[in-house]
1. May I ask you to find the residues of segment B:49-83 that are shielded by at least 40 Å² of accessible area once the whole protein assembly is considered instead of their isolated chain (probe 1.4 Å)?
2. Mind checking the log10 I(q)/I(0) for the protein assembly as shown at q = 0.08, 0.10, 0.11 Å⁻¹? Debye, one equal scatterer per Cα, no solvent, two decimals.
3. Taking the dipole about the Cα centre of segment B:71-254, with the C-beta of Lys and Arg at +1 and of Asp and Glu at -1, give me whichever of B:SER183, B:ILE140, B:GLN130 is farthest to the positive side.
4. Calculate what fraction, in whole %, of the accessible area of the protein assembly as shown sits on carbon and sulfur atoms when a 1.4 Å probe is rolled over the protein chains.
5. Rounded to the nearest 500, what is the protein assembly as shown's calculated 222 nm mean residue ellipticity when only DSSP H runs of at least 4 contribute -39500 (n - 2.57) each, over all residues?
6. Quick one: putting +1 on the C-beta of Lys and Arg, -1 on the C-beta of Asp and Glu, what dipole do you get for segment B:20-111 around its Cα centre, in Debye to the nearest 20?
7. Taking the alpha-carbon centroid of each part, what is the distance from segment B:21-80 to segment A:92-171 in angstrom?
8. Using 1/(1 + (r/R0)^6) with R0 = 25 angstrom and r between the beta carbons of B:SER192 and B:LYS120, what's the FRET efficiency to the nearest 0.05?
There are 2 protein chains.
Amino acid sequence: MESIDTELAARIRNDIVLGNYGEEERISEARLCDTHKVSRTPVRLALRMLEQEGLIRRSEGRGYFVNAPNVNDVLQAVQVRGHLESLAARLMAQSPDRLSTLPILEAAIEEIDRLILVGKMDHASIRLIQKQNAVFHKTILECCGNDFIGFTCSRISHMPMLEVGAMVFDRQVLSTKEGKERSNFRLKLGNSQHKVIFEAIQKGDAVRAEGVMREHSNTMIEYIQVFEKRTKEELTIKDLIDYSGLSVMRKEHDTTGKEKSL
Amino acid sequence: MESIDTELAARIRNDIVLGNYGEEERISEARLCDTHKVSRTPVRLALRMLEQEGLIRRSEGRGYFVNAPNVNDVLQAVQVRGHLESLAARLMAQSPDRLSTLPILEAAIEEIDRLILVGKMDHASIRLIQKQNAVFHKTILECCGNDFIGFTCSRISHMPMLEVGAMVFDRQVLSTKEGKERSNFRLKLGNSQHKVIFEAIQKGDAVRAEGVMREHSNTMIEYIQVFEKRTKEELTIKDLIDYSGLSVMRKEHDTTGKEKSL
DNA sequence: ATAACCGGTTTGGGATCCCAAAAAAAGAGC
DNA sequence: GCTCTTTTTTTGGGATCCCAAACCGGTTAT
(Lines give C-alpha, C1' and ligand atoms only; values in the text may rest on other atoms or scores of the structure.)
Protein backbone atom coordinates (compact mmCIF):
# COMPACT_ATOMS: atom_id res chain seq x y z
CA MET A 1 0.00 0.00 0.00
CA GLU A 2 2.57 2.47 1.10
CA SER A 3 5.57 3.27 -0.99
CA ILE A 4 8.86 1.65 -0.13
CA ASP A 5 10.38 4.75 1.40
CA THR A 6 7.61 5.09 3.94
CA GLU A 7 7.86 1.43 4.81
CA LEU A 8 11.62 1.74 4.97
CA ALA A 9 11.40 4.75 7.23
CA ALA A 10 9.21 2.72 9.56
CA ARG A 11 11.77 -0.06 9.69
CA ILE A 12 14.71 2.20 10.36
CA ARG A 13 12.66 4.14 12.89
CA ASN A 14 11.89 0.92 14.66
CA ASP A 15 15.54 -0.05 14.67
CA ILE A 16 16.53 3.30 16.10
CA VAL A 17 14.00 3.46 18.91
CA LEU A 18 14.62 -0.18 19.78
CA GLY A 19 18.27 0.67 20.22
CA ASN A 20 19.59 -1.52 17.42
CA TYR A 21 21.86 1.31 16.49
CA GLY A 22 24.28 2.54 19.08
CA GLU A 23 23.59 6.01 20.34
CA GLU A 24 25.41 8.50 18.12
CA GLU A 25 26.29 5.74 15.68
CA ARG A 26 27.17 6.85 12.23
CA ILE A 27 24.76 5.58 9.64
CA SER A 28 25.53 5.17 5.97
CA GLU A 29 23.23 5.15 2.98
CA ALA A 30 25.11 2.31 1.37
CA ARG A 31 24.82 0.11 4.42
CA LEU A 32 21.09 0.71 4.59
CA CYS A 33 20.77 -0.17 0.92
CA ASP A 34 22.57 -3.37 1.60
CA THR A 35 20.72 -4.44 4.71
CA HIS A 36 17.29 -3.55 3.38
CA LYS A 37 17.95 -4.60 -0.20
CA VAL A 38 16.75 -1.42 -1.81
CA SER A 39 18.24 1.28 -3.93
CA ARG A 40 19.58 4.54 -2.60
CA THR A 41 16.62 6.62 -3.68
CA PRO A 42 14.09 5.32 -1.17
CA VAL A 43 16.80 5.24 1.47
CA ARG A 44 17.46 8.91 1.02
CA LEU A 45 13.78 9.75 1.08
CA ALA A 46 13.36 7.75 4.25
CA LEU A 47 16.34 9.45 5.84
CA ARG A 48 14.83 12.86 5.11
CA MET A 49 11.69 11.83 6.91
CA LEU A 50 13.59 10.50 9.89
CA GLU A 51 15.64 13.67 9.95
CA GLN A 52 12.45 15.70 10.23
CA GLU A 53 11.38 13.47 13.08
CA GLY A 54 14.61 14.17 14.88
CA LEU A 55 15.68 10.52 15.00
CA ILE A 56 18.75 11.17 12.89
CA ARG A 57 20.68 14.30 12.13
CA ARG A 58 22.83 15.25 9.20
CA SER A 59 26.38 16.16 10.00
CA GLU A 60 27.57 19.42 8.47
CA GLY A 61 30.42 17.62 6.83
CA ARG A 62 28.93 14.38 5.73
CA GLY A 63 27.06 11.43 7.01
CA TYR A 64 24.09 10.82 9.20
CA PHE A 65 24.18 10.21 12.92
CA VAL A 66 21.62 8.41 14.99
CA ASN A 67 19.79 10.38 17.64
CA ALA A 68 18.53 7.46 19.63
CA PRO A 69 15.97 8.61 22.19
CA ASN A 70 16.31 7.37 25.72
CA VAL A 71 13.68 6.85 28.38
CA ASN A 72 14.05 10.41 29.57
CA ASP A 73 13.28 11.66 26.07
CA VAL A 74 10.14 9.58 26.04
CA LEU A 75 9.09 10.95 29.41
CA GLN A 76 9.58 14.48 28.16
CA ALA A 77 7.59 13.73 25.05
CA VAL A 78 4.78 12.19 27.06
CA GLN A 79 4.69 15.34 29.12
CA VAL A 80 4.38 17.44 25.99
CA ARG A 81 1.64 15.28 24.58
CA GLY A 82 -0.19 15.35 27.88
CA HIS A 83 0.02 19.10 27.99
CA LEU A 84 -1.38 19.33 24.47
CA GLU A 85 -4.18 17.00 25.41
CA SER A 86 -5.04 19.17 28.36
CA LEU A 87 -5.34 22.12 25.99
CA ALA A 88 -7.60 20.04 23.78
CA ALA A 89 -9.79 19.13 26.74
CA ARG A 90 -10.12 22.76 27.70
CA LEU A 91 -10.98 23.86 24.19
CA MET A 92 -13.50 21.09 23.76
CA ALA A 93 -15.19 22.11 26.99
CA GLN A 94 -15.44 25.62 25.61
CA SER A 95 -16.68 24.48 22.21
CA PRO A 96 -20.39 25.05 21.59
CA ASP A 97 -20.78 22.07 19.28
CA ARG A 98 -19.17 19.55 21.58
CA LEU A 99 -22.45 17.89 22.49
CA SER A 100 -22.68 15.82 19.33
CA THR A 101 -19.40 14.03 20.07
CA LEU A 102 -20.05 13.44 23.73
CA PRO A 103 -21.77 10.08 23.12
CA ILE A 104 -18.54 8.74 21.61
CA LEU A 105 -16.66 9.59 24.78
CA GLU A 106 -19.40 8.10 26.92
CA ALA A 107 -19.45 4.89 24.92
CA ALA A 108 -15.68 4.49 25.25
CA ILE A 109 -15.85 5.04 28.99
CA GLU A 110 -18.65 2.53 29.39
CA GLU A 111 -16.88 -0.05 27.28
CA ILE A 112 -13.73 0.28 29.37
CA ASP A 113 -15.84 -0.03 32.50
CA ARG A 114 -17.40 -3.18 31.17
CA LEU A 115 -14.05 -4.70 30.27
CA ILE A 116 -12.65 -3.90 33.69
CA LEU A 117 -15.68 -5.45 35.34
CA VAL A 118 -15.15 -8.68 33.39
CA GLY A 119 -11.73 -8.63 34.91
CA LYS A 120 -9.91 -10.71 32.35
CA MET A 121 -6.46 -9.24 32.02
CA ASP A 122 -5.41 -11.22 28.99
CA HIS A 123 -3.98 -9.80 25.80
CA ALA A 124 -7.30 -9.52 24.05
CA SER A 125 -8.92 -7.59 26.87
CA ILE A 126 -5.96 -5.27 27.25
CA ARG A 127 -5.98 -4.55 23.56
CA LEU A 128 -9.66 -3.75 23.67
CA ILE A 129 -9.16 -1.45 26.63
CA GLN A 130 -6.29 0.28 24.88
CA LYS A 131 -8.40 0.66 21.78
CA GLN A 132 -11.21 2.34 23.70
CA ASN A 133 -8.70 4.44 25.57
CA ALA A 134 -7.30 5.58 22.24
CA VAL A 135 -10.80 6.38 21.02
CA PHE A 136 -11.39 8.55 24.07
CA HIS A 137 -8.19 10.52 23.68
CA LYS A 138 -8.32 10.78 19.90
CA THR A 139 -11.88 12.03 20.02
CA ILE A 140 -10.93 14.86 22.30
CA LEU A 141 -7.97 15.75 20.10
CA GLU A 142 -10.04 15.71 16.94
CA CYS A 143 -13.11 17.47 18.26
CA CYS A 144 -11.55 20.23 20.29
CA GLY A 145 -11.80 22.71 17.45
CA ASN A 146 -8.07 23.22 17.07
CA ASP A 147 -6.91 20.78 14.44
CA PHE A 148 -3.34 21.81 14.93
CA ILE A 149 -3.19 20.10 18.31
CA GLY A 150 -3.93 16.74 16.76
CA PHE A 151 -1.48 17.46 13.99
CA THR A 152 1.27 18.33 16.43
CA CYS A 153 0.59 15.16 18.41
CA SER A 154 0.77 13.13 15.23
CA ARG A 155 4.13 14.67 14.45
CA ILE A 156 5.58 13.34 17.68
CA SER A 157 3.80 10.00 17.61
CA HIS A 158 6.70 8.22 16.00
CA MET A 159 8.26 7.68 19.37
CA PRO A 160 7.09 4.73 21.42
CA MET A 161 4.51 5.43 24.09
CA LEU A 162 3.41 8.44 22.14
CA GLU A 163 0.66 6.86 20.14
CA VAL A 164 -2.38 8.69 21.37
CA GLY A 165 -3.98 6.68 24.11
CA ALA A 166 -1.03 4.39 24.67
CA MET A 167 -0.96 2.80 28.09
CA VAL A 168 1.61 1.08 30.17
CA PHE A 169 1.16 -2.35 31.62
CA ASP A 170 3.68 -4.22 33.60
CA ARG A 171 3.78 -7.73 32.23
CA GLN A 172 5.85 -8.89 35.15
CA VAL A 173 3.24 -7.59 37.54
CA LEU A 174 0.36 -8.88 35.46
CA SER A 175 1.52 -12.43 36.05
CA THR A 176 0.85 -12.29 39.77
CA LYS A 177 -2.56 -12.02 41.38
CA GLU A 178 -1.53 -9.02 43.45
CA GLY A 179 -0.17 -7.39 40.36
CA LYS A 180 -3.44 -7.92 38.55
CA GLU A 181 -5.26 -6.22 41.40
CA ARG A 182 -2.94 -3.30 41.16
CA SER A 183 -3.28 -2.97 37.41
CA ASN A 184 -7.02 -3.26 37.80
CA PHE A 185 -6.93 -0.41 40.25
CA ARG A 186 -4.92 1.71 37.85
CA LEU A 187 -7.41 1.07 35.10
CA LYS A 188 -10.30 2.00 37.36
CA LEU A 189 -8.53 5.18 38.43
CA GLY A 190 -7.80 6.07 34.83
CA ASN A 191 -11.35 5.55 33.72
CA SER A 192 -12.73 7.51 36.64
CA GLN A 193 -10.53 10.34 35.43
CA HIS A 194 -12.09 9.84 32.02
CA LYS A 195 -15.49 10.22 33.62
CA VAL A 196 -14.54 13.44 35.36
CA ILE A 197 -13.11 14.81 32.12
CA PHE A 198 -16.26 13.81 30.31
CA GLU A 199 -18.51 15.51 32.85
CA ALA A 200 -16.38 18.63 32.88
CA ILE A 201 -16.55 18.85 29.09
CA GLN A 202 -20.28 18.22 29.23
CA LYS A 203 -20.81 20.98 31.74
CA GLY A 204 -18.46 23.29 29.92
CA ASP A 205 -16.09 23.44 32.88
CA ALA A 206 -12.97 24.17 30.86
CA VAL A 207 -10.64 24.67 33.80
CA ARG A 208 -11.57 21.37 35.35
CA ALA A 209 -11.37 19.48 32.07
CA GLU A 210 -7.87 20.82 31.51
CA GLY A 211 -6.75 20.12 35.05
CA VAL A 212 -7.98 16.56 35.22
CA MET A 213 -6.59 15.78 31.80
CA ARG A 214 -3.24 17.03 32.98
CA GLU A 215 -3.46 14.87 36.04
CA HIS A 216 -4.48 11.96 33.85
CA SER A 217 -1.34 12.41 31.77
CA ASN A 218 0.85 12.68 34.81
CA THR A 219 -0.36 9.28 35.90
CA MET A 220 1.50 7.59 33.08
CA ILE A 221 4.64 9.60 33.64
CA GLU A 222 4.72 8.66 37.28
CA TYR A 223 4.08 5.04 36.50
CA ILE A 224 6.99 4.96 34.08
CA GLN A 225 9.13 6.58 36.73
CA VAL A 226 8.15 3.79 39.12
CA PHE A 227 9.53 1.39 36.54
CA GLU A 228 12.70 3.37 36.30
CA LYS A 229 13.32 3.25 40.03
CA ARG A 230 12.48 -0.41 40.40
CA THR A 231 14.65 -1.60 37.55
CA LYS A 232 18.19 -2.27 38.69
CA GLU A 233 19.98 -1.62 35.43
CA GLU A 234 19.07 1.12 33.03
CA LEU A 235 15.51 1.00 31.76
CA THR A 236 15.52 0.86 27.98
CA ILE A 237 12.91 1.91 25.49
CA LYS A 238 12.58 -1.69 24.49
CA ASP A 239 11.44 -2.45 28.03
CA LEU A 240 8.85 0.29 27.79
CA ILE A 241 7.45 -1.07 24.56
CA ASP A 242 7.30 -4.56 26.01
CA TYR A 243 5.52 -3.21 29.06
CA SER A 244 3.10 -1.19 27.03
CA GLY A 245 1.55 -4.19 25.37
CA LEU A 246 1.96 -2.36 22.09
CA SER A 247 4.57 -4.84 20.96
CA VAL A 248 1.82 -7.20 19.88
CA MET A 249 0.21 -4.60 17.67
CA ARG A 250 3.57 -3.47 16.42
CA LYS A 251 4.61 -7.00 15.56
CA GLU A 252 1.42 -7.66 13.65
CA HIS A 253 1.84 -4.47 11.75
CA ASP A 254 5.38 -5.37 10.87
CA THR A 255 4.59 -8.79 9.51
CA THR A 256 1.82 -7.50 7.30
CA GLY A 257 4.21 -4.92 6.04
CA LYS A 258 6.74 -7.61 5.29
CA GLU A 259 4.27 -9.70 3.38
CA LYS A 260 3.44 -6.78 1.20
CA SER A 261 6.98 -5.79 0.55
CA LEU A 262 8.09 -9.25 -0.42
CA MET B 1 25.99 25.85 2.95
CA GLU B 2 22.81 23.88 2.92
CA SER B 3 22.15 21.25 0.32
CA ILE B 4 19.89 22.10 -2.58
CA ASP B 5 16.94 20.12 -1.30
CA THR B 6 16.83 22.03 1.96
CA GLU B 7 17.06 25.30 0.11
CA LEU B 8 14.46 24.11 -2.34
CA ALA B 9 12.13 23.07 0.46
CA ALA B 10 12.45 26.57 1.88
CA ARG B 11 11.50 28.11 -1.45
CA ILE B 12 8.50 25.89 -2.01
CA ARG B 13 7.47 26.34 1.60
CA ASN B 14 7.60 30.07 1.13
CA ASP B 15 5.53 29.82 -2.02
CA ILE B 16 2.92 27.72 -0.29
CA VAL B 17 2.48 29.85 2.81
CA LEU B 18 2.48 33.03 0.73
CA GLY B 19 -0.39 31.60 -1.22
CA ASN B 20 1.41 31.39 -4.57
CA TYR B 21 -0.19 28.03 -5.04
CA GLY B 22 -3.93 27.84 -5.00
CA GLU B 23 -5.38 26.00 -2.06
CA GLU B 24 -5.65 22.33 -2.94
CA GLU B 25 -3.68 22.88 -6.12
CA ARG B 26 -2.11 19.84 -7.62
CA ILE B 27 1.64 20.05 -7.68
CA SER B 28 3.91 18.10 -9.99
CA GLU B 29 7.51 17.07 -9.62
CA ALA B 30 8.26 17.87 -13.23
CA ARG B 31 6.88 21.39 -12.95
CA LEU B 32 8.97 22.05 -9.85
CA CYS B 33 12.04 20.77 -11.67
CA ASP B 34 11.31 23.16 -14.46
CA THR B 35 10.56 26.25 -12.39
CA HIS B 36 13.46 25.78 -10.00
CA LYS B 37 15.89 24.42 -12.56
CA VAL B 38 16.91 21.37 -10.62
CA SER B 39 16.71 17.67 -11.10
CA ARG B 40 13.98 15.49 -9.69
CA THR B 41 16.08 14.07 -6.88
CA PRO B 42 16.26 17.21 -4.73
CA VAL B 43 12.66 17.97 -5.61
CA ARG B 44 11.52 14.66 -4.25
CA LEU B 45 13.60 15.07 -1.11
CA ALA B 46 12.16 18.51 -0.56
CA LEU B 47 8.65 17.23 -1.09
CA ARG B 48 9.16 14.58 1.56
CA MET B 49 10.18 17.27 4.02
CA LEU B 50 7.20 19.43 3.18
CA GLU B 51 4.97 16.42 3.49
CA GLN B 52 6.24 15.87 7.02
CA GLU B 53 5.51 19.48 7.76
CA GLY B 54 1.95 19.04 6.58
CA LEU B 55 2.23 21.65 3.84
CA ILE B 56 1.60 19.13 1.11
CA ARG B 57 0.01 15.72 1.11
CA ARG B 58 0.46 12.78 -1.18
CA SER B 59 -2.64 11.58 -2.90
CA GLU B 60 -3.25 7.82 -2.69
CA GLY B 61 -3.46 7.64 -6.44
CA ARG B 62 -0.81 9.93 -7.75
CA GLY B 63 0.40 13.42 -7.30
CA TYR B 64 0.90 15.88 -4.50
CA PHE B 65 -1.59 18.43 -3.31
CA VAL B 66 -0.77 21.60 -1.46
CA ASN B 67 -2.24 22.13 1.96
CA ALA B 68 -2.04 25.88 2.07
CA PRO B 69 -2.56 27.10 5.63
CA ASN B 70 -4.97 29.94 6.19
CA VAL B 71 -5.03 32.55 8.92
CA ASN B 72 -7.14 30.32 11.11
CA ASP B 73 -4.49 27.60 10.89
CA VAL B 74 -1.89 30.11 11.99
CA LEU B 75 -4.03 31.18 14.93
CA GLN B 76 -4.44 27.57 15.99
CA ALA B 77 -0.72 27.01 15.70
CA VAL B 78 0.04 30.11 17.73
CA GLN B 79 -2.27 28.79 20.38
CA VAL B 80 -0.40 25.50 20.44
CA ARG B 81 2.95 27.19 20.64
CA GLY B 82 1.74 29.45 23.40
CA HIS B 83 0.47 26.50 25.35
CA LEU B 84 3.81 24.77 24.99
CA GLU B 85 5.58 27.91 26.13
CA SER B 86 3.40 28.07 29.20
CA LEU B 87 4.48 24.54 30.03
CA ALA B 88 8.08 25.58 29.57
CA ALA B 89 7.59 28.53 31.90
CA ARG B 90 6.08 26.31 34.56
CA LEU B 91 8.85 23.75 34.28
CA MET B 92 11.54 26.38 34.40
CA ALA B 93 9.98 27.85 37.54
CA GLN B 94 10.17 24.39 39.08
CA SER B 95 13.71 23.76 37.93
CA PRO B 96 16.35 24.01 40.64
CA ASP B 97 19.11 25.19 38.29
CA ARG B 98 17.12 28.00 36.73
CA LEU B 99 19.01 30.70 38.58
CA SER B 100 22.00 30.65 36.27
CA THR B 101 19.91 31.56 33.24
CA LEU B 102 17.84 34.24 34.93
CA PRO B 103 20.32 37.02 34.05
CA ILE B 104 19.73 36.32 30.35
CA LEU B 105 16.02 36.89 30.80
CA GLU B 106 16.62 40.00 32.86
CA ALA B 107 18.98 41.44 30.28
CA ALA B 108 16.48 40.89 27.50
CA ILE B 109 13.73 42.56 29.50
CA GLU B 110 15.91 45.56 30.31
CA GLU B 111 17.04 45.91 26.72
CA ILE B 112 13.45 45.92 25.52
CA ASP B 113 12.59 48.49 28.19
CA ARG B 114 15.44 50.67 27.04
CA LEU B 115 14.38 50.44 23.39
CA ILE B 116 10.80 51.30 24.26
CA LEU B 117 11.99 54.28 26.28
CA VAL B 118 13.93 55.60 23.32
CA GLY B 119 10.62 55.42 21.52
CA LYS B 120 11.91 55.16 18.00
CA MET B 121 9.55 52.88 16.17
CA ASP B 122 11.64 52.47 13.06
CA HIS B 123 12.63 49.20 11.44
CA ALA B 124 15.91 48.93 13.25
CA SER B 125 14.38 49.41 16.68
CA ILE B 126 11.59 46.98 15.98
CA ARG B 127 14.05 44.39 14.82
CA LEU B 128 16.10 44.82 17.97
CA ILE B 129 13.01 44.50 20.11
CA GLN B 130 11.97 41.40 18.25
CA LYS B 131 15.41 39.97 18.68
CA GLN B 132 15.37 40.47 22.41
CA ASN B 133 11.84 39.14 22.55
CA ALA B 134 13.03 36.03 20.75
CA VAL B 135 15.90 35.71 23.22
CA PHE B 136 13.48 35.83 26.12
CA HIS B 137 11.18 33.18 24.72
CA LYS B 138 13.92 30.94 23.38
CA THR B 139 15.75 31.01 26.67
CA ILE B 140 12.69 29.76 28.51
CA LEU B 141 12.14 27.03 25.95
CA GLU B 142 15.74 25.90 26.09
CA CYS B 143 16.26 26.10 29.81
CA CYS B 144 13.02 24.60 31.06
CA GLY B 145 14.55 21.16 31.42
CA ASN B 146 12.31 19.51 28.84
CA ASP B 147 14.16 19.66 25.57
CA PHE B 148 11.25 18.11 23.76
CA ILE B 149 9.20 21.28 24.14
CA GLY B 150 11.71 23.26 22.15
CA PHE B 151 11.96 20.48 19.63
CA THR B 152 8.21 20.38 19.15
CA CYS B 153 8.11 24.15 18.74
CA SER B 154 10.86 23.95 16.15
CA ARG B 155 8.85 21.35 14.24
CA ILE B 156 5.96 23.76 13.83
CA SER B 157 8.07 26.86 13.23
CA HIS B 158 7.90 26.54 9.48
CA MET B 159 4.64 28.42 9.49
CA PRO B 160 4.72 32.18 9.56
CA MET B 161 4.26 33.86 12.94
CA LEU B 162 5.52 30.72 14.59
CA GLU B 163 9.14 31.62 14.85
CA VAL B 164 9.67 31.73 18.57
CA GLY B 165 9.28 35.28 19.76
CA ALA B 166 7.63 36.56 16.61
CA MET B 167 5.57 39.65 17.15
CA VAL B 168 2.91 41.43 15.21
CA PHE B 169 3.12 45.07 14.27
CA ASP B 170 0.60 46.94 12.27
CA ARG B 171 2.49 48.90 9.67
CA GLN B 172 -0.58 50.88 8.83
CA VAL B 173 -1.00 51.90 12.42
CA LEU B 174 2.70 52.56 12.88
CA SER B 175 2.52 55.36 10.34
CA THR B 176 0.21 57.50 12.47
CA LYS B 177 1.11 59.11 15.75
CA GLU B 178 -1.87 57.62 17.52
CA GLY B 179 -0.95 54.21 16.12
CA LYS B 180 2.57 54.57 17.44
CA GLU B 181 1.20 55.30 20.89
CA ARG B 182 -0.91 52.21 20.71
CA SER B 183 1.94 50.00 19.54
CA ASN B 184 4.10 51.47 22.27
CA PHE B 185 1.47 50.55 24.82
CA ARG B 186 1.34 47.01 23.50
CA LEU B 187 5.08 46.69 23.80
CA LYS B 188 5.02 47.99 27.34
CA LEU B 189 2.26 45.61 28.25
CA GLY B 190 4.12 42.72 26.70
CA ASN B 191 7.32 43.51 28.50
CA SER B 192 5.56 43.96 31.81
CA GLN B 193 4.23 40.46 31.28
CA HIS B 194 7.82 39.40 30.69
CA LYS B 195 8.71 40.92 34.03
CA VAL B 196 5.96 39.09 35.84
CA ILE B 197 7.00 35.84 34.20
CA PHE B 198 10.59 36.51 35.17
CA GLU B 199 9.71 37.17 38.78
CA ALA B 200 7.46 34.14 38.95
CA ILE B 201 10.23 31.94 37.62
CA GLN B 202 12.68 33.54 40.01
CA LYS B 203 10.44 32.91 42.98
CA GLY B 204 9.61 29.44 41.79
CA ASP B 205 5.95 30.29 41.42
CA ALA B 206 5.22 27.74 38.71
CA VAL B 207 1.49 28.30 38.56
CA ARG B 208 1.86 32.02 38.05
CA ALA B 209 4.63 31.65 35.49
CA GLU B 210 2.45 29.31 33.46
CA GLY B 211 -0.61 31.50 33.76
CA VAL B 212 1.04 34.73 32.75
CA MET B 213 2.84 33.08 29.88
CA ARG B 214 -0.49 31.81 28.66
CA GLU B 215 -1.95 35.27 28.92
CA HIS B 216 1.10 36.61 27.13
CA SER B 217 0.48 34.25 24.23
CA ASN B 218 -3.18 35.10 24.08
CA THR B 219 -2.24 38.71 23.52
CA MET B 220 -0.91 37.97 20.07
CA ILE B 221 -3.89 35.80 19.15
CA GLU B 222 -6.29 38.53 20.12
CA TYR B 223 -4.31 41.14 18.25
CA ILE B 224 -4.41 39.06 15.09
CA GLN B 225 -8.12 38.65 15.55
CA VAL B 226 -8.41 42.41 15.72
CA PHE B 227 -6.77 42.51 12.31
CA GLU B 228 -9.18 39.92 11.04
CA LYS B 229 -12.21 41.92 12.08
CA ARG B 230 -10.92 45.23 10.81
CA THR B 231 -9.89 43.96 7.41
CA LYS B 232 -12.78 44.14 4.99
CA GLU B 233 -11.76 41.33 2.68
CA GLU B 234 -10.24 38.10 3.86
CA LEU B 235 -7.03 38.48 5.82
CA THR B 236 -4.26 36.51 4.14
CA ILE B 237 -1.12 35.04 5.54
CA LYS B 238 0.83 37.41 3.36
CA ASP B 239 -0.78 40.28 5.26
CA LEU B 240 0.27 38.71 8.54
CA ILE B 241 3.87 38.41 7.42
CA ASP B 242 3.89 41.98 6.26
CA TYR B 243 2.44 43.10 9.57
CA SER B 244 4.88 41.02 11.55
CA GLY B 245 7.89 42.94 10.34
CA LEU B 246 9.47 39.59 9.63
CA SER B 247 9.34 40.24 5.93
CA VAL B 248 12.51 42.26 6.20
CA MET B 249 14.39 39.43 7.83
CA ARG B 250 12.83 36.94 5.48
CA LYS B 251 13.76 38.97 2.46
CA GLU B 252 17.36 39.31 3.56
CA HIS B 253 17.53 35.64 4.20
CA ASP B 254 16.14 34.94 0.78
CA THR B 255 18.61 37.05 -1.10
CA THR B 256 21.57 35.51 0.65
CA GLY B 257 20.14 32.15 -0.22
CA LYS B 258 19.84 33.18 -3.83
CA GLU B 259 23.37 34.41 -4.01
CA LYS B 260 24.60 31.12 -2.76
CA SER B 261 22.49 29.05 -5.09
CA LEU B 262 23.43 31.00 -8.18
C1' DA C 1 -26.62 8.41 -25.73
C1' DT C 2 -24.11 6.25 -22.46
C1' DA C 3 -20.86 3.30 -20.85
C1' DA C 4 -17.17 0.25 -21.35
C1' DC C 5 -12.82 -0.44 -23.54
C1' DC C 6 -8.37 0.56 -25.45
C1' DG C 7 -4.20 3.06 -26.57
C1' DG C 8 -1.33 7.08 -25.74
C1' DT C 9 0.44 10.21 -22.36
C1' DT C 10 1.61 11.84 -17.97
C1' DT C 11 3.61 11.18 -13.57
C1' DG C 12 5.69 9.40 -9.68
C1' DG C 13 8.61 5.48 -7.70
C1' DG C 14 12.93 3.04 -7.98
C1' DA C 15 17.57 2.07 -9.85
C1' DT C 16 21.76 3.53 -11.62
C1' DC C 17 25.44 6.64 -12.90
C1' DC C 18 28.54 10.52 -12.20
C1' DC C 19 30.91 13.71 -9.46
C1' DA C 20 32.75 16.47 -5.82
C1' DA C 21 33.94 16.68 -1.21
C1' DA C 22 35.31 14.53 2.92
C1' DA C 23 37.48 10.88 5.45
C1' DA C 24 40.92 7.45 5.64
C1' DA C 25 45.16 5.55 4.37
C1' DA C 26 49.65 5.76 2.50
C1' DG C 27 53.81 8.18 1.79
C1' DA C 28 57.29 11.89 2.29
C1' DG C 29 59.81 15.12 5.11
C1' DC C 30 61.62 16.56 9.54
C1' DG D 1 59.11 8.27 15.55
C1' DC D 2 56.02 11.88 14.57
C1' DT D 3 53.73 15.02 11.63
C1' DC D 4 52.34 17.01 7.48
C1' DT D 5 51.14 16.11 2.80
C1' DT D 6 49.38 13.45 -0.92
C1' DT D 7 46.73 9.81 -2.74
C1' DT D 8 43.10 6.61 -2.45
C1' DT D 9 38.68 5.33 -0.97
C1' DT D 10 34.38 6.20 0.82
C1' DT D 11 30.15 8.62 0.84
C1' DG D 12 26.52 11.60 -0.04
C1' DG D 13 24.35 15.00 -3.50
C1' DG D 14 22.48 15.55 -8.07
C1' DA D 15 21.09 13.94 -12.70
C1' DT D 16 19.31 10.63 -15.64
C1' DC D 17 17.01 6.46 -17.04
C1' DC D 18 13.46 2.94 -16.80
C1' DC D 19 9.08 1.30 -15.59
C1' DA D 20 4.55 0.61 -13.89
C1' DA D 21 0.49 2.61 -12.52
C1' DA D 22 -2.80 6.20 -13.15
C1' DC D 23 -4.96 9.70 -16.08
C1' DC D 24 -6.95 11.22 -20.50
C1' DG D 25 -8.98 11.01 -24.77
C1' DG D 26 -11.16 8.73 -28.34
C1' DT D 27 -13.50 4.85 -30.18
C1' DT D 28 -16.73 1.21 -30.16
C1' DA D 29 -20.43 -1.63 -28.70
C1' DT D 30 -24.70 -1.98 -26.44
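The values are calculated or read from the model by the stated rules, or taken from the named source; none is laboratory data. Nothing here was measured: the structure is a model prediction, and the numbers come from that model. Glycine also receives a Cβ, built like all others from the backbone with ideal geometry; neighbour counts cover every protein chain displayed. Areas reflect the complete protein model, heavy atoms only, side chains present, ligands, DNA and RNA absent. Shrake-Rupley method; radii C 1.70, N 1.55, O 1.52, S 1.80 Å.
1. Buried by 40 Å² or more upon assembly, which counts only protein chains, are B:MET49, B:GLN52, B:ARG58, B:GLN76, B:GLN79, B:VAL80, B:HIS83.
2. -0.57, -0.91, -1.10
3. Among B:SER183, B:ILE140, B:GLN130, the one farthest towards the positive end of the dipole of segment B:71-254 is B:SER183.
4. Working: 13440 of 25800 Å².
Carbon-and-sulfur percentage of accessible area, whole number: 52.
5. Details: 24 runs with 372 residues, N = 524.
The helix contribution divided over the protein assembly as shown gives -23500 deg cm²/dmol.
6. Numbers: 12 positive and 14 negative charges, 122 e Å.
Its charge dipole is roughly 580 debye.
7. 30
8. On the way: r = 20 Å, r/R0 = 0.80.
So the FRET efficiency works out to roughly 0.80.
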